[in-house]
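Participant: Once you've had a glance at the structure underneath, I'll fire off some questions.
The values are calculated or read from the model by the stated rules, or taken from the named source; none is laboratory data. Keep in mind it's a predicted model, so treat the numbers as computed, not measured. Positions of Cβ are generated from backbone atoms using ideal geometry, with glycine treated the same way; all protein chains shown enter the neighbour counts. Note: accessible area is taken over every heavy atom of the protein model, side chains too, but ligands, DNA and RNA are not part of it. Shrake-Rupley method; radii C 1.70, N 1.55, O 1.52, S 1.80 Å.
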Amino acid sequence: MKIQELTQWLAEIKALKQQLAEMQQDLNAVNESAISWQRLYNTEAQQRRTENYHAQQQIARLKQQIQSLSGLADSENEDPIIVESRRAEVAQLQTVEELQAKLTEVMGDRDRLIAALKTEQENHIQTRKSLTTAIGDTLDILTKERQTEKFVVGL
């Protein structure tokens with residue numbers, strides 16, 4: 001009887017070791033998945049920051065152009081070549097209608113860029129929420145795996 005019980009215990013220990021090894025593999029897979037999701041989130045966030053930066057630069061250029069067209073540019077703080085180029089462009093406009101058309105064009109560009117920036121910001125927020133949820137789910141799975149591992153080891 002005792003040999004049979006010992007054999008049963010050894011078989012059970014072997015089965016538990018196998019389960020532990022499988023759980024460790026699952027845990028490693030979950031960790032790799034979490035790292036992968038974090039990399040994706042960081043990449044997406046960097047892209048959004050870059051796009052945002054470029055949009056802000058374009059908005060700043062358009063604001064300068066509007067100021068230049070309306071005569072509000074502070075030429076003391078700007079590159080003289082750029083100021084002269086703007087003046088030449090404005091000087092080519094012969095009528096009030098041409099000036100109004102140019103101003104309308106610039107304002108339309110500005111509005112489109114503001115709308116694009118807002119869309120990108122909303123997309124970034126949605127992406128951040130989705131990735132945060134995925135990371136949270138992964139951490140929940142990892143926590144459950146660890147709890148199961150502690151339970152199995154505690155036996």
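Participant: Of the residues that make up segment 59-67, is at least one out of contact with any His (no Cβ under 6 Å at 6 or more places or on another chain), open to solvent by 70 Å² or more (accessible area, probe 1.4 Å), modelled with pLDDT under 75 and assigned to a helix (DSSP H, G or I)?
Facilitator: Let us first name the residues in segment 59-67 that are out of contact with any His (no Cβ under 6 Å at 6 or more places or on another chain), namely 59-67.
Filter again for open to solvent by 70 Å² or more (accessible area, probe 1.4 Å), leaving 61, 63-64, 67.
Of the ones still in play, those that are also modelled with pLDDT under 75 are 63, 67.
Then drop every residue that is not assigned to a helix (DSSP H, G or I), which leaves 63, 67.
Looking through segment 59-67, at least one residue is out of contact with any His (no Cβ under 6 Å at 6 or more places or on another chain), open to solvent by 70 Å² or more (accessible area, probe 1.4 Å), modelled with pLDDT under 75 and assigned to a helix (DSSP H, G or I).
Participant: Mind listing just one residue for me: the one in segment 22-38 that is of a type in the set (A, V, I, L, M, F, W, C) and open to solvent by less than 50 Å² (accessible area, probe 1.4 Å) and, of those, nearest to THR133 (Cα to Cα)?
Facilitator: Filtering segment 22-38 for residues that are of a type in the set (A, V, I, L, M, F, W, C) and open to solvent by less than 50 Å² (accessible area, probe 1.4 Å), the one nearest to THR133 (Cα to Cα) comes out as ALA34.
Participant: Output the residue which, of all residues in segment 109-134 that are among the polar types (S, T, N, Q) and more than 15 Å from ARG49 (Cβ to Cβ), is most open to solvent (accessible area, probe 1.4 Å). Before the answer, list the steps.
Facilitator: Of the residues in segment 109-134, the ones among the polar types (S, T, N, Q) are 119, 121, 123, 126-127, 130, 132-133.
Those left that are additionally more than 15 Å from ARG49 (Cβ to Cβ): 119, 126, 130, 132-133.
Working: THR119: 67, GLN126: 105, SER130: 60, THR132: 83, THR133: 81 Å².
Among them, the one singled out is GLN126.
Participant: Continuing with this model, one more query. Does segment 108-115 include one or more residues that are touching a Lys or Arg at 6+ places or on another chain (Cβ under 8 Å) and basic (Lys, Arg)? Don't jump to the end; show me each part of the working.
Facilitator: Going through segment 108-115, the residues touching a Lys or Arg at 6+ places or on another chain (Cβ under 8 Å) turn out to be 110.
Within this subset, residues satisfying the condition of being basic (Lys, Arg) are 110.
Checked segment 108-115: at least one residue is touching a Lys or Arg at 6+ places or on another chain (Cβ under 8 Å) and basic (Lys, Arg).
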